[in-house]
1. Pick from 106, 113, 74: which is part of a helix (DSSP H, G or I), crowded, with 16+ Cβ neighbours inside 10 Å and at pLDDT 90 or above?
2. Based on what the data block shows, is residue 93 more than 13 Å from the chain's Cα centre (by Cα) and within 20 Å of residue 13 (Cβ to Cβ)?
3. Mind counting the residues in region 77-103 that are surrounded by 14 or more Cβ atoms within 10 Å (Cβ to Cβ) and outside any helix (DSSP H, G or I)?
4. Checking residue 45 against (1) modelled with pLDDT of 90 or more; (2) closer than 23 Å to residue 9 by Cα, only one condition comes out false. Which one?
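The values are calculated or read from the model by the stated rules, or taken from the named source; none is laboratory data. These numbers come from a predicted model, not from an experiment. In this analysis, Cβ positions are derived from the backbone assuming ideal geometry, glycine residues included, and neighbour counts consider all displayed protein chains.
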């Protein structure tokens with residue numbers, strides 16, 4: 001049996017998801033200052049961001065978690081398509097990190113939702 005969070009929690013989940021979506025867009029579409037500083041663990045950031053992105057909706061819609069993963073990954077793909085137009089490079093490994101993060105977040109959210 002899947003323990004779905006109460007209906008009153010859904011607006012908070014949507015709000016958190018929209019906020020995370022905007023934060024991810026801002027951070028991934030800002031011009032990169034990578035050449036000025038030390039290398040960053042970019043793929044880890046992608047992984048964490050997309051894991052976090054799927055959790056709120058995954059908790060309130062655990063039966064639809066895989067649609068959340070597909071949508072989040074498509075969003076990551078859209079970002080990769082847009083990045084060259086803002087002076088950043090598109091990378092397949094970024095998209096892979098997005099996908100793996102989304103899957104990990106989905107598994108965690110689903111397990112949390114099933115605990116009840």
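1. Unique residue meeting the criteria: 106.
2. When the stated conditions are applied, residue 93 does not pass them.
3. Residues flagged as surrounded by 14 or more Cβ atoms within 10 Å (Cβ to Cβ) and outside any helix (DSSP H, G or I) within region 77-103 amount to 3.
4. Of the numbered conditions (1) modelled with pLDDT of 90 or more; (2) closer than 23 Å to residue 9 by Cα, the odd one out for residue 45 is (2).
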